[in-house]
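Working notes, structure below.
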Amino acid sequence: MKNGRVIKGTPNDNQDSELVLINKYTRRELSIDEVYVFSVVLCDNDVDRDNEAFSNTALELLGEMFVGKTGVLDHNPTAKNQTARIFSCRVEQVQGKTTAYGEQYYRLVGRAYMPRIDSNQDFIMAIDSGINKEVSVGCSVGEIRCSICGADRRTTGCAHIDGNTYNGKQCYSILDKPLDAYEWSFVAVPSQVNAGVIKGYRLNNKEVNMEDIIKCLKKGTAVTLDKAQADKLNSYIELLEKRAVDGEQYRQDLTNQVVRLSLIVQPEIAKSDILDIADKMTIEQLKSFKSCYRARVGDTLPTVPQLSKSGGKISKTNNTEYNI
Ligand SMILES: [Zn+2]
């Protein structure tokens with residue numbers, strides 16, 4: 001989660017062209033008096049409190065991705081009426097301002113609108129009076145590089161530590177190649193700005209990615225998960241548990257078939273012995289035993305009604321499975 005801020009609802013010269021853009025998203029044409037338009041700084045190229053900075057090209061790409069995205073007040077998606085939508089974005093150069101690493105400062109500014117309806121009045125008032133100043137954005141990036149040596153932070157890594165200085169240059173992580181901008185929201189609670197809270201998201205809240213979580217767990221790295229990530233991990237475990245049950249069921253079915261076929265093909269071997277052996281076999285071995293036995297059963301018994309209980313129904317079932 002990155003933080004930007006709201007710029008007061010400033011009047012501007014492009015009202016008509018903005019209204020055209022806004023009306024792309026509305027069910028009926030709204031007049032300029034019916035909408036409240038304001039600007040939000042979504043992110044910039046300066047080093048933030050996580051020692052991360054978006055590249056300039058990342059800002060441009062994020063600008064395209066945020067257009068059309070709705071933002072909610074206080075991370076509360078159920079507050080349906082209290083949403084605003086970004087209808088245009090641009091990267092602004094702020095004259096005279098430089099980043100912590102001494103380059104020209106750029107920021108991604110979104111123009112957002114919300115209808116001037118009663119339920120939005122308090123919110124509009126809050127923006128106008130500067131209370132809802134913070135905006136937090138969620139996005140995923142494809143690349144996180146070391147600013148000193150360019151190493152990929154998520155794969156190879158390097159010895160440079162964010163925040164340290166090397167030959168007079170501050171080390172930070174460059175966020176690049178954005179993949180998706182999935183949310184932006186107003187943060188009205190000042191404590192959200194607390195660095196400690198943000199640090200809790202350190203695994204990389206820009207990328208709630210199962211692979212990354214698992215990678216950290218495998219490495220034995222200390223991992224802090226936020227709620228969304230913990231939920232994701234939980235549902236992933238549930239999925240694995242379900243698959244394990246399915247897998248066990250499949251193995252059981254396969255074993256039963258091999259045992260049954262074995263009793264036909266080589267009745268001299270006791271069922272308990274076959275079960276013992278099957279127990280030690282891999283799925284692949286069971287499968288090859290099954291097809292081998294099947295072939296031999298075919299040789300000895302031309303018709304195998306007792307083995308194909310469902311008979312002609314099999315193909316029908318298979319067809320419906322593909323008919324999703
Ligand atoms: Zn490095």
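Annotations for the structure displayed:
- Residue identified as assigned by TED's automatic domain parsing to the domain that holds Lys24 and not in a strand (DSSP E or B) among Arg154, Arg145, Arg107: Arg154
- Single residue of the stretch 159-176 satisfying the filter (touching a residue at least 40 places away in the same chain (Cβ under 8 Å) and near the ligand (Cβ under 10 Å from one of its atoms)) that is most open to solvent (accessible area, probe 1.4 Å): Asp162
So that you can scan it fast, the table gives a plain yes or no per residue for (1) surrounded by 10 or more Cβ atoms within 10 Å (Cβ to Cβ); (2) modelled with pLDDT of 90 or more:
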{"site": "Tyr250", "(1), (2)": "yes, no"}
{"site": "Val259", "(1), (2)": "yes, yes"}
{"site": "Ser262", "(1), (2)": "yes, yes"}
{"site": "Glu268", "(1), (2)": "no, yes"}
{"site": "Ser288", "(1), (2)": "yes, yes"}
{"site": "Arg294", "(1), (2)": "yes, no"}
{"site": "Gly298", "(1), (2)": "yes, no"}
{"site": "Lys313", "(1), (2)": "yes, no"}
{"site": "Glu321", "(1), (2)": "no, no"}
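- When residues of the stretch 137-157 are limited to those that are modelled with pLDDT under 90, of a type outside the set (Gly, Ala, Ser) and near the ligand (Cβ under 10 Å from one of its atoms), the one farthest from Ile124 (Cα to Cα): Thr156
The values are calculated or read from the model by the stated rules, or taken from the named source; none is laboratory data. Quantities reported herein were computed from a predicted structural model and do not represent experimental measurements. Using ideal geometry, Cβ is built from the backbone for each residue, glycine included, and neighbour counts are taken over all protein chains shown. Remember, those area values only see protein heavy atoms, side chains included, never the ligands or the DNA or RNA. Shrake-Rupley method; radii C 1.70, N 1.55, O 1.52, S 1.80 Å.
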